[in-house]
Amino acid sequence: MSATHATAALRSATIAHLGAQAPHFVIDWVEECVSTNTALMENTPADDGRVHVLAAERQSAGRGRRGRQWQSWPDGSLTFSSVWHFARGTPAPAGLSLVAGLAVAQALERFGVVGLQLKWPNDVLVNGEKLVGILVELSTGHARGLAAVIGIGINLRLPPDVRIEAQTGVTDLARALDGDVPSRPALLAAILAELERLCATYASGGFPALKDAWEQRNAFAELPVRISGDHTALEGICAGVDDDGALLLRTDTGMQRILAGDVSLRPLGGEAP
Ligand code: BTN
């Protein structure tokens, strides 16, 4: 990992945007690393009361959920991870994944993005297309409790001829904001501030304290969906989420709690794409 004049300037600008909240964070911004999540999972900073953040211009092996690859472009993406420490006994970590998506959506709404929705567990969509991917990984064995590495990738300006492997329907912030994309330091600072606010709510009240806000943005509320797991597929109506952040699927055989899988819309009377 390496820092340059350019990344030092991005770091300083992020700190300036954080303002009074800057002392709560330790920001690193590097030219390149394998994956910001991998770096922080392999070398998780101890709990010193601050949130450690690593942003990278380039990831040589960016990772997505369920073992997928994550593609990003210098200047065309914002890719970063941050480490959040939680005391022992913090409620079910599954909900944290949803909290991260909600924080990003709320931060982007303040920049004027409209039509934002959340696809369980934590994709952020605009008009049904994916704008942000989030990968939450838990790092255990810490003296005071649990550490969560929250990795976020935002498409700012997709290259015109881009083909994203295994994904249809991706979009970027330039399209969502008619070309008026905020600077990466401004975006990063806004998302960190929102994550800090929502993680504090989550630590004290658990996911139930944020459930309504998540449900209001649920892309598939009361729609027919298919859940694809590693070996199985389930179909039903998306009935929202429960207090742990599990997806509720109303099926012919009753309500099922879904803890892992990919959700896709199941067109009525047809096959899912
Ligand atoms: C997904 O939608 O599958 C999750 C994508 C998460 C991508 C981000 S980019 C920053 C961080 N580092 C990674 O390797 N992945 C996450």
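The values are calculated or read from the model by the stated rules, or taken from the named source; none is laboratory data. Quantities reported herein were computed from a predicted structural model and do not represent experimental measurements. Using ideal geometry, Cβ is built from the backbone for each residue, glycine included, and neighbour counts are taken over all protein chains shown. Please note that ligands, DNA and RNA were not included when accessible areas were found on the heavy atoms of the full protein model with its side chains. Shrake-Rupley method; radii C 1.70, N 1.55, O 1.52, S 1.80 Å.
In the condition set (1) open to solvent by less than 60 Å² (accessible area, probe 1.4 Å); (2) farther than 22 Å from residue 208 by Cα, residue 114 is compliant with all but (1).
Answer with yes or no whether residue 191 is in a strand (DSSP E or B), within 15 Å of the ligand (Cβ to nearest atom) and closer than 23 Å to residue 33 by Cβ. Spell out how you get there, then give the answer.
Working: in a strand (DSSP E or B): no; within 15 Å of the ligand (Cβ to nearest atom): yes; closer than 23 Å to residue 33 by Cβ: yes.
Answer is no for this residue.
Residues that are assigned to a strand (DSSP E or B), among the charged types (D, E, K, R) and closer than 21 Å to residue 5 by Cβ within region 51-92 comprise 57, 58, listed in sequence order. Scanning region 118-141 for residues that are small (Gly, Ala, Ser), more than 10 Å from the ligand (Cβ to nearest atom), in contact (Cβ under 8 Å) with a residue 24 or more places away in the chain and within 20 Å of residue 94 (Cα to Cα) yields a total of 1. In the set (1) open to solvent by 20 Å² or more (accessible area, probe 1.4 Å); (2) within 20 Å of residue 109 (Cβ to Cβ); (3) outside any loop (DSSP other than H, G, I, E, B), residue 199 fails one condition alone, (1). Restricted to region 49-73, and to residues there that are away from the ligand (no atom under 13 Å from the Cβ) and in contact (Cβ under 8 Å) with a residue 12 or more places away in the chain, the residue that is least open to solvent (accessible area, probe 1.4 Å) is 51.
Pairs linking a residue in region 247-258 that is open to solvent by 70 Å² or more (accessible area, probe 1.4 Å) to a residue that is β-branched (Val, Ile, Thr), with Cβ atoms under 6 Å and 6 or more positions apart or on different chains, are 250/237.
Considering only residues that are among the polar types (S, T, N, Q) and within 25 Å of residue 64 (Cβ to Cβ), look in region 225-255 and name the one that is modelled with the highest pLDDT. Out of the qualifying residues, it is 228. Only one entry of 98, 192, 146 meets the criterion of being more than 26 Å from residue 220 (Cβ to Cβ), outside the structural domain of residue 241 (by TED's automatic domain parsing) and open to solvent by less than 10 Å² (accessible area, probe 1.4 Å), and that entry is 192.
Run residue 30 past the list (1) open to solvent by less than 50 Å² (accessible area, probe 1.4 Å); (2) in contact (Cβ under 8 Å) with a residue 40 or more places away in the chain; (3) more than 9 Å from the ligand (Cβ to nearest atom) and report the number of the one that doesn't hold. Unmet condition: (2). For region 123-133, the condition holds for at least one residue, the condition being that it is at pLDDT below 95, assigned by TED's automatic domain parsing to the domain that holds residue 37 and more than 22 Å from residue 62 (Cβ to Cβ).
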